[in-house]
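Okay, so here's the structure we're looking at.
The values are calculated or read from the model by the stated rules, or taken from the named source; none is laboratory data. Everything numeric here is computed off the predicted structure, so don't read it as measured data. For neighbour counting, all protein chains shown are included, and Cβ atoms are generated from backbone atoms with ideal geometry for every residue, glycine included.
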Amino acid sequence: MNRRRVASTLILIVDVGLAVWGGMAAAFLHQLLGPGGQPILAAGYDGFTGGSWSQLVTADPMSARYMEVLFRMYGIFNLAFGLMAAAVAVTAFRRGERWAWWALLVGNTLTLVSAMRYDWIVHAIGPFELTEYLGLAMVLGALAITAPFLQSTTAIAPLPTKAGVTG
């Protein structure tokens, strides 16, 4: 198996994982667990505010519903990005197109680092959230072994010898 195929498989695993997580956040928000086995939205709210998600739902249900809509949209963003990045990984990237390498570098880095930053801000870092770090390491490792600027793009011409014979 060549390096580009291995790299595209690693990136595919990460991006399909993002898509699955995004789909779960969009469709099954209250069943998607975060740190401490608490639903992800409640864990984030509690960690950020120091308050209680259940108290917010009781005291201000429309604010809670609005936050649910925002988090579901974040899930849809992850679903869409994951599917598009996976498609790029198994098509243009696997064919060696330079734009695909850069698109996967920028897209995955922004997506995973922003998810990590959210976790830090809301103090909601658990075992599942650590997969973001693993995913970023996998993507960066895969891209490192296929970096287009480290590969030779010109063929070396043979040196001429006496009587025009090359060797």
Residue among Val88, Val69 that is hydrophobic (A, V, I, L, M, F, W, C) and under 19 Å from Ala42 (Cβ atoms): Val69
Test: residue in the stretch 10-27 that is farther than 17 Å from Met73 by Cβ, more than 18 Å from the chain's Cα centre (by Cα) and in contact (Cβ under 8 Å) with a residue 40 or more places away in the chain: no
Qualifying residue in the stretch 126-133 (condition: in a helix (DSSP H, G or I), in contact with a Leu (Cβ under 9 Å, 6 or more places away or on another chain) and not basic (Lys, Arg)): yes
Tally of residues being surrounded by 16 or more Cβ atoms within 10 Å (Cβ to Cβ), closer than 15 Å to Val16 by Cα and free of Cβ contacts under 8 Å to residues at least 60 places away in the same chain across the stretch 78-109: 2
Residue check, Gly37 in contact with a His (Cβ under 6 Å, 6 or more places away or on another chain), over 30 Å from Ala7 (Cα atoms) and either crowded, with 17+ Cβ neighbours inside 10 Å or not charged (D, E, K, R) (or both): no
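For Thr153, state whether it is closer than 17 Å to Gly96 by Cα, among the hydroxyl-bearing types (Ser, Thr, Tyr) and modelled with pLDDT under 80. Reasoning before the result, please.
Numbers: closer than 17 Å to Gly96 by Cα: yes; among the hydroxyl-bearing types (Ser, Thr, Tyr): yes; modelled with pLDDT under 80: yes.
Yes; evaluated as a whole, the condition is true for this residue.
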Check on Ser54, assigned to a helix (DSSP H, G or I), small (Gly, Ala, Ser) and over 30 Å from Phe149 (Cβ atoms): yes
